[in-house]
Amino acid sequence: PTSDDTPEVLNRALSNLSSRWKNWWVRGILTLAMITFFFIIIYLGPMVLMTIVMCVQIKCFHEIITIGYNVYHSYDLPWFRTLSWYFLLCANYFFYGETVTDYFFTLVQREEPLRILSKYHRFISFALYLTGFCMFVLSLVKKHYRLQFYMFGWTHVTLLIVVTQSHLIIHNLFEGMIWFIVPISCVICNDIMAYMFGFFFGRTPLIKLSPKKTWEGFIGGFFATVLFGLLLSYVMSGYRCFTCPVEFNNDTNSFTVDCEPSELFQLQEYNIPLVLQSVVGWKTVRMYPFQIHSIALSTFASLIGPFGGFFASGFKRAFKIKDFANTIPGHGGIMDRFDCQYLMATFVNVYIASFIRGPNPSKLIQQFLTLRPDQQLHIFNTLKAHLVDKGVL
């Protein structure tokens, strides 16, 4: 049964309003509070952001696993909860170990214990998973076989959805905070503007999975999000703290965000298509190349991102629940707010790998420095011969 999880203070303040407008104000106030919190953690820097991503991941995992626990009434299953959290630990050890090895290479090579863990990281990860697998097999009970395999699959699908996506979010963050902030902000903007347009102008139902979603909200949210993405990208592209990759400084043992901005974040002049010149009255426009990429990001957040929400709605309808949890009044659980974000994280990671990222010279140099002297000399001679043939030397 559902219960009213609205704080008593808001209930008293909004007692004279209809349920429709009361819900509008509750959602609005809590949304502003969450946006404020989002700005605070951005101000606190990359390390705090990564910690928050980890906390959100754990909370989302808890919400989905709890639903499975309640839906299948798996109260008597031996070791089920223990194994679920153990597999979460294994998955995080593998993914975050890969990240540490990749982005903290020099620090890892400097410390003997870390170097050993890095060298055998995948074997250790596999051994940990294998231990959990054997524990699951040993826990099988004759009268619960089917239910236990249901929950085993439930746990692994949850890990795939939650842990993998949070790992990709952190990879996006290391490419530059702008690749973290703009996509997340576009999803938030689309969610808000689709709700606003739907609330005031919505008449035509969009999809049966979400009866309250309307075409008016979907279309209005799209145009508002694209415009928002262009403006936010223009503002953030002028600050190095947002555009530079997040790197670990081995001298200070801290994260640094300082570099010479790449071409993506330098103003360029573009010719406006002839069709639009007569409308806007301009022949050229100065903008950052990243703003063009932001159109792709905001378009995905508006047109494809909502399908993450529709998927979550279908999931909740399948198990006859209103929300994943009641963590945030008027919004449901943490997973209710991050269902679209996970889909967006995957897209951004694929987009960067396909259209943006090139070889990283600093990482290559770090790896070269760990080779034996004869290997380093061989690479030096090969590179020298190549540059002489090119006429560079």
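The values are calculated or read from the model by the stated rules, or taken from the named source; none is laboratory data. Given the structure is predicted, the values throughout are model-derived calculations rather than measurements. Cβ coordinates were reconstructed from backbone atoms using ideal geometry, including for glycine residues, and neighbour counts include every protein chain displayed. The accessibility values were calculated without ligands, DNA or RNA, using every heavy atom of the protein model including side chains. Shrake-Rupley method; radii C 1.70, N 1.55, O 1.52, S 1.80 Å.
When the C-alpha to C-alpha distance is required to be over 19 Å, the pairs from Lys208/Lys320; Lys119/Lys384; Lys212/Lys322; Lys142/Lys316 that qualify are Lys119/Lys384; Lys142/Lys316. Placing unit charges on the Cβ atoms only, positive for Lys and Arg and negative for Asp and Glu, gives the chain a dipole magnitude near 1160 debye about its Cα centre. Within the listed set Phe39, Phe222, Phe136, the residue fluctuating most in the Gaussian network model of the chain (springs between alpha-carbon atoms under 10 angstrom) is Phe39. Cα centroid separation, the stretch 263-297 to the stretch 128-202: 36 Å. In the chain, taking the dipole from charged Cβ atoms about the Cα centre, the farthest positive-side position among Val275, Tyr145, Cys90 is held by Tyr145.
Surface calculation, 1.4 Å probe, protein heavy atoms: Met287 sits at approximately 30 Å² accessible. Label positions at Glu260 and Arg286, each projected 7 Å from the Cα along the C-beta direction, are separated by 2.1 nm. Is the C-alpha gyration tensor of the stretch 27-90 telling us rounded, prolate or oblate? Criteria: a/c under 1.5 is rounded; beyond that, a/b larger than b/c is prolate, otherwise oblate. Taking the square roots of the gyration eigenvalues as a ≥ b ≥ c, the stretch 27-90 is oblate.
Membrane-span-like helices in the chain (whole DSSP H runs, Cα extent of at least 20 Å along the helix axis, mean Kyte-Doolittle hydropathy of at least 0.5): 19-44, 46-71, 121-139, 145-174, 177-201, 215-236, 289-303. Overall, the accessible surface of the stretch 46-353 at a probe of 1.4 angstrom is composed of carbon and sulfur to the extent of 68 percent. Between Ile207 and Lys213, the built amide H atoms are under 5 Å apart, and every one of these is 5 or more places off in sequence or on another chain. Look at the Cα gyration tensor of the chain: its axes a ≥ b ≥ c give a/c of at least 1.5 with a/b at or below b/c, and that counts as oblate. At a Cβ-Cβ separation cutoff of 4.7 angstrom, cysteine residues of the chain with no neighbouring cysteine are Cys55, Cys60, Cys90, Cys134, Cys186, Cys189, Cys241, Cys340. Relative to the present Cα-Cα distance, how much length would full extension add between Ala296 and Ile379 at 0.36 nm per residue of separation? Additional length available on full extension: 25.9 nm. Per-residue extension of 0.36 nm, minus the Cα-Cα distance of Ile219 and Thr36, leaves a gain of 63.2 nm for this segment. Dipole of the chain computed with +1 at Lys/Arg Cβ and -1 at Asp/Glu Cβ about the Cα centre; of Phe105, Asn349, Trp24, farthest Cα towards the positive end is Trp24.
Normalised per residue, the accessible area of the chain is 58 Å², obtained with a 1.4 Å probe and no contribution from ligands, DNA or RNA. For the chain, the residue among Pro245, Ser166, Phe39 whose Cα projects farthest onto the positive side of the dipole built from Cβ charges is Ser166. Note on Val235 and Lys322: their simple-model spin labels are 3.5 nm apart, each label 7 Å out from Cα toward Cβ. Distance from the alpha carbon centroid of the stretch 11-66 to that of the stretch 317-368 works out to 17 angstrom.
In the complete set of protein chains, residue-level accessible area for Thr284 is approximately 60 Å², probe 1.4 angstrom. Helical content of the chain, expressed as a calculated mean residue ellipticity at 222 nm, amounts to -23500 deg cm²/dmol (DSSP H runs of 4 or more residues, -39,500 (n - 2.57) each, divided by residue number, nearest 500).
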